[in-house]
Ligand code: NAD
Ligand code: UGA
């Protein structure tokens with residue numbers, strides 16, 4: 001099969017490389033010339049575990065071509081994957097500019113029997129719109145389009161484990177109306193050993209949004225419960241554990257903390273809310289999911305203000321600015337929003353992230369970016385664990401605390417053992433967990449709390 005992938009970002013690059021790994025030749029096209037040049041040199045433009053090695057191996061095997069030109073990348077291909085970005089508009093709808101530009105640019109170069117596969121997350125109805133747009137453009141140019149197909153194949157990979165998720169997906173969804181498109185994609189994914197679901201394009205489009213919105217809602221729900229735990233002397237981790245043992249609920253995505261960020265959950269929940277409202281349906285459930293999530297950053301700021309008697313003029317060390325561990329992506333990062341809120345409140349912020357410092361530093365001025373965690377924490381009035389990179393649990397906490405001016409630790413991801421931090425003489429604050437001073441003592445409801 002002759003394959004092109006349009007858009008060499010997180011999804012396109014990883015998809016292209018893992019397809020090449022199965023022995024196919026893949027052309028990767030991107031409008032970003034700098035990105036294509038870096039890729040040709042074997043330099044991944046993003047950080048993902050295993051990506052650099054995978055790129056090197058596929059370049060060495062001669063299975064990759066990189067280009068910025070549609071007239072080179074599209075003619076003669078059986079499958080053209082569309083993996084361009086679909087960010088939010090200021091009103092929360094989906095900005096379909098990249099999608100429209102890419103489809104317009106490829107329309108006249110497509111083989112008459114090609115299948116365009118939309119992997120980007122796109123609002124319901126987009127696949128049909130794409131087919132109509134391509135047909136119209138080709139008809140005007142006198143080119144055939146009756147055997148050309150458009151299919152939806154939403155992507156479910158997570159950043160931080162994108163390569164592994166792409167190699168081992170848990171399901172493959174194909175939305176199409178054309179038997180040939182189903183057969184071609186089923187042949188491509190044969191041997192994956194996971195369920196392949198054949199659905200209509202509209203169903204595939206909605207599966208993607210519904211899955212992301214459901215997971216985001218699960219996170220906001222547990223954060224809501226975390227607040228109630230904190231007001232009741234309960235520990236959200238125990239509550240989540242007890243909930244998660246019910247197989248209908250499951251233990252994953254019940255980690256309370258600073259809330260969800262990233263390039264997908266926030267924008268996809270906003271877009272789904274927009275799609276519901278456009279059909280005259282209520283989006284209240286999703287709007288509340290977003291509201292609870294926004295409030296996590298204000299809650300963290302409030303905790304710091306209370307613990308320090310105000311953050312203005314205080315030195316705050318923030319550990320982690322990526323939206324989750326194992327990525328350099330800071331898009332809609334809750335951690336970075338907290339950094340911005342602290343800077344706006346006149347705190348002196350020293351921040352450290354193992355991978356995301358370079359991207360974050362370009363976006364947020366007024367922050368001292370440290371090359372190592374302990375350089376950020378030295379002399380701090382408070383340390384904030386904002387992104388749950390596993391190495392933060394392994395820091396020499398005794399030494400870190402000894403170097404601080406005031407020993408306050410705000411663990412926004414409930415990552416540390418609070419009792420251990422408290423035993424080293426620090427004030428430990430979590431998100432929905434009892435204050436460490438109470439550890440080891442009989443748990444009592446706080447005054448004014450519920451009667452047990
Ligand atoms: P990205 O911003 O990392 O990459 C998009 C790429 O497309 C960029 O390199 C950009 O230069 C390129 N591009 C833009 N316009 C183009 C055009 N007209 N022609 C060719 N290339 C063009 O985006 P991403 O994170 O990879 O997301 C892509 C899509 O996949 C989005 O719809 C997103 O919602 C969805 N998705 C993302 C993830 C994820 O983890 N990032 C997971 C699942 C689905
Ligand atoms: C998410 C989905 O998990 C993927 O299936 C989907 O393909 C992708 O969005 C997408 O459409 O782009 P991703 O955003 O990369 O993947 O990362 P997640 O692991 O889902 O984490 C998202 C956010 O939720 C992070 O900020 C994380 O810190 C937060 N989170 C996650 C919690 O606060 N609590 C949890 O229990 C889990």
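The values are calculated or read from the model by the stated rules, or taken from the named source; none is laboratory data. The structure presented is a predicted model; accordingly, all values stated were derived computationally and were not measured. Every residue, glycine among them, receives a Cβ derived from its backbone with ideal geometry; neighbour counts consider all protein chains shown.
Of the helices (runs of 4 or more DSSP H) entirely within region 192-294, those holding at least 3 residues that are within 30 Å of residue 118 (Cβ to Cβ) and more than 18 Å from the chain's Cα centre (by Cα) occupy 201-232, 265-278.
Looking at this structure, is residue 157 assigned by TED's automatic domain parsing to the domain that holds residue 17, at pLDDT 95 or above and either within 16 Å of ligand 1 (Cβ to nearest atom) or in a loop (DSSP other than H, G, I, E, B) (or both)? Yes, satisfied.
Go through the residues of region 196-212 one by one and say whether even a single one is more than 16 Å from ligand 1 (Cβ to nearest atom) and closer than 21 Å to residue 254 by Cβ.
We begin by selecting, within region 196-212, every residue more than 16 Å from ligand 1 (Cβ to nearest atom); these are 196-200, 202-203.
Okay, now just the ones that are also closer than 21 Å to residue 254 by Cβ, so none.
So far as region 196-212 goes, no, none of its residues is more than 16 Å from ligand 1 (Cβ to nearest atom) and closer than 21 Å to residue 254 by Cβ.
Just one residue in the set 93, 100, 176 is under 29 Å from residue 46 (Cβ atoms), over 20 Å from the mean Cα position of the chain (by Cα), away from ligand 2 (no atom under 15 Å from the Cβ) and not assigned by TED's automatic domain parsing to the domain that holds residue 329; that residue is 100. Residue 26 meets the conditions (1) within 22 Å of the chain's Cα centre (by Cα); (2) away from ligand 2 (no atom under 16 Å from the Cβ); (3) surrounded by 17 or more Cβ atoms within 10 Å (Cβ to Cβ) in every case but one. The failed one is (1). The number of residues in region 79-99 being free of Cβ contacts under 8 Å to residues at least 12 places away in the same chain and assigned to a helix (DSSP H, G or I) comes to 1. Annotation: of all residues in region 113-140 being closer than 21 Å to residue 174 by Cβ and more than 16 Å from ligand 1 (Cβ to nearest atom), the one that is surrounded by the most Cβ atoms within 10 Å (Cβ to Cβ) is 115.
Yes or no: residue 143 surrounded by fewer than 22 Cβ atoms within 10 Å (Cβ to Cβ) and part of a strand (DSSP E or B)? Working first, answer last.
Numbers: surrounded by fewer than 22 Cβ atoms within 10 Å (Cβ to Cβ): yes; part of a strand (DSSP E or B): no.
It is false that residue 143 is surrounded by fewer than 22 Cβ atoms within 10 Å (Cβ to Cβ) and part of a strand (DSSP E or B).
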